[in-house]
């Protein structure tokens, strides 16, 4: 199942710091965190997961899969359409005008 990188914000950590940390851990890429592009809520065992997605600019690093993924890739819109993705991912990216270019 394909998705975009993400993870939990640690206590005392800002969203920007969490995004930076998670992207290094999950992709090997260092980024400059940009604007918030969207927000979704998903059911969780004890409430709701609030997911905030940010635009980022890669500043350095070599793309690689982290220890929680079997693969990682940059994909265009046509390729994204062929991949099994997490529930609601493509719809959310589309609604935020963030789908990859073809």
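Taken together, the values in this text are just the output of simple stated rules run on the coordinates, not laboratory data. From a predicted model like this one, the values you see are computed outputs, not experimental measurements.
Results, tabulated for the structure shown:
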| quantity | calculated |
| --- | --- |
| Kirkwood Rh and Cα Rg combined as Rg over Rh, evaluated for segment 42-102 | 0.99 |
| Value of [θ]222 nm, deg cm²/dmol, for the chain, DSSP H segments ≥ 4, -39500 (n - 2.57) each, nearest 500 | -6500 deg cm²/dmol |
| Using distinct alpha-carbon pairs, which all enter the 1/r mean, Kirkwood radius of segment 4-43 in Å | 11.0 Å |
| Projected-area mean, the chain, by convex hull of Cα positions, square nanometres | 7.0 nm² |
